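To keep things clear, I will list the structure first and then write my remarks on it.
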Amino acid sequence: MLAIRTQFSNHFNYNAALVVKSPGRINLIGEHIDYNHGFVLPAAIDKFIELAIGKRTDGAIHMVALDLGETIILPIHNLAPHATVWVNYIIGVVDQVFNNLATNENNFAKIKEDFNGGFSICIQGNIPLGAGLSSSAAVECAVLFALNELYNLSLTRMQMALMAQSAEHKFAGVNCGIMDMFASLHGEKNKAILLDCDSLAFTYYPLALNDYSIVLFDTQIKHALASSEYNTRRLECEQGLKIIQEKYPTVKTFRDISLEQVEACLASNDVNRSKVYQRCKYVVEEIQRVQLAVQDLGKGDMQAFGKKMFETHKGLSKLYEVSCPELDFLVEAVSNNENVLGARMMGGGFGGCTINIIKKSAVEEITKELTASYAQVMHKELAVYITSIEDGTHIVEGTHLVA
C-alpha cells in the first residue's frame, strides 16, 4: 500500500501539509457511564485512523476515503448531515470549527478567511468497523486535530474532545458521551485514564499487565441496533433520574444516587418502570464498580480488577440489555478459565468485541479453542485482535503546534 502522503499527492497534485494519526480506544471498565456523569477507564490502542490534509483556495472540501474508494466534494459553507455516513464525521467537525470561529470573531478573522478556502483530505485506517473501538470518534479527532494544526486554531485537546462530541450529536445523530473522543485525544502509551465524566478531571494509571495481554474477540456482528438503542437507554436513564429527583431534590446526577434510592423510587411491577429501574440500577452499580476497580489498579491487583469486568458484563447483559447471544457466548466461554483475569462486552453493544485480559502464554490456545467453538455454535468466524496501549492523536509528519 502506498504511503498516505503519496496517495494524497496522486489525488490532488500537490503535497499534503500534515499527516495525522488518531487511535481507536478500549474501555477497561465503565461502559455506558460517560453520558450518565460517572467514571470511565479508557485507553488508546494500536488501531488507528490516518489522514493527510492540505489547504485549498476554492472554498470546497475534497474528501477521499481510501479504504472505500470513495470521493466526495462539498462546499465548505452551509454544511448539513450527508447521506454518506463517513462524510458526516468530517463535515460535522468542520461545522464545529465554524461555530468556534464565529464566537471568537475578533481574534480569528484572518484564520476564518484562510479556513474559508477549504481543504483536501485523504483518510484511511485499520480500526475494524462496527467492533466497538470507536472508529467514528477517531476520524473526528484526527480531522479536528489536523485542522487545529493547519489553521493554528489554538484549541486544547479537551476543547477538541468536546467539539468532536458535539459533531457526533449534530451530524451523526448519536447522543454519545465524551469518553471516545477524550480517549482518542488524550491516550498515553501503557496507561489507562480514569475520566470523571462530570467534572472532566482525569488521572493516568500505569497499566501493569506484565504477563498478560489485552485481547479483543470480535463477534463480527455489526452493531446496527447500537445507535437507536443507545439513544433509548439514554432516555430511560434520564427518565429514572427525574423520578428519583422528585423524591430526593438534592440529587443532581447518578453520582449522587444510592442503590437504596433506586430501589425505593423505581422498583415496580409496571413493565415500563421495570426497564427504567434495571437501567438505573446498572448505572449506579457500575459507577461504584469503576471506583473500586481503580483501587485494584493502584494496588496492582489485576485478579480483583478482572472479576469486576465479569460483573460489568453481567450488568450490561441482564440489566442494561445491550449485549447479544454472540457476546454472551464469548464471555461465558472464558469465564472459568484460570488464564483469563476478566472479560466483558465493550462499546455500544449488540455486536462488536469482548475485551479480555489473558495470560500471554495462553493466548494462542484460548484463541484456537474459542475460534472453533464460536464457529460450531454461532456459525460465524471469530476475528481476534491483540492490542497494545498507545499514544493519543498526534502528528506523524509536519509542524507540531499542540502539546
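The values are calculated or read from the model by the stated rules, or taken from the named source; none is laboratory data. Just so you know, these numbers come straight off a predicted model, no measurement behind them. Cβ: placed from backbone, ideal geometry, glycine included. Neighbour counts: every protein chain shown.
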Query - Matching residues in the range 175-189 - criterion: being modelled with pLDDT under 90 and more than 12 Å from the chain's Cα centre (by Cα) - result: 175
Query raised in the report: Conditions: (1) closer than 18 Å to residue 29 by Cβ; (2) out of contact with any helix residue (DSSP H, G or I) (no Cβ under 8 Å at 6 or more places or on another chain); (3) modelled with pLDDT of 95 or more. Residue 242 meets all but one. Number of the miss?
Result: (1)
Query raised in the report: In the range 151-173, what residues are closer than 22 Å to residue 287 by Cβ and either surrounded by fewer than 21 Cβ atoms within 10 Å (Cβ to Cβ) or among the acidic types (Asp, Glu) (or both)?
Result: 158, 162
Requested in this report: Output the residues belonging to the range 22-54 that are touching a Leu at 6+ places or on another chain (Cβ under 8 Å) and within 18 Å of residue 189 (Cβ to Cβ).
Outcome: 22, 24, 25, 26, 27, 28, 41, 42, 43, 45, 47
Query raised in the report: Just checking, which of 133, 144, 195 is in contact (Cβ under 8 Å) with a residue 40 or more places away in the chain, in a helix (DSSP H, G or I) and crowded, with 24+ Cβ neighbours inside 10 Å?
Result: 144
Query raised in the report: Within the group 64, 20, 87, 93, which residue is surrounded by fewer than 21 Cβ atoms within 10 Å (Cβ to Cβ) and at pLDDT 95 or above?
Result: 87
Query - Selected residue [closer than 28 Å to residue 5 by Cα, touching a Gly at 6+ places or on another chain (Cβ under 8 Å) and of a type in the set (A, V, I, L, M)] from 147, 185 - result: 185
Report summary line: Residue pairs within 9 Å by beta carbon, gap of at least six or interchain, first lying in the range 361-385 and basic (Lys, Arg), second surrounded by 18 or more Cβ atoms within 10 Å (Cβ to Cβ), listed first then second, are 380/219; 380/220; 380/221; 380/326; 380/374
Query raised in the report: Any chance the range 258-274 includes a residue that's within 25 Å of the chain's Cα centre (by Cα) and not aromatic (Phe, Trp, Tyr)?
Result: no
Query raised in the report: If you check every pair at least six apart or on different chains, which have Cβ atoms under 6 Å apart with a residue in the range 7-23 that is assigned to a strand (DSSP E or B) first and a residue that is surrounded by 19 or more Cβ atoms within 10 Å (Cβ to Cβ) and among the polar types (S, T, N, Q) second?
Result: 22/184; 22/393; 23/184
Query raised in the report: Can you find a residue in the range 154-162 that is closer than 18 Å to residue 87 by Cβ, over 11 Å from the mean Cα position of the chain (by Cα), not aromatic (Phe, Trp, Tyr) and not in a helix (DSSP H, G or I)?
Result: no
Query raised in the report: Are any residues in the range 110-130 of a type in the set (Asp, Glu) and either in contact (Cβ under 8 Å) with a residue 24 or more places away in the chain or within 21 Å of residue 9 (Cα to Cα) (or both), and if so, which ones?
Result: 114
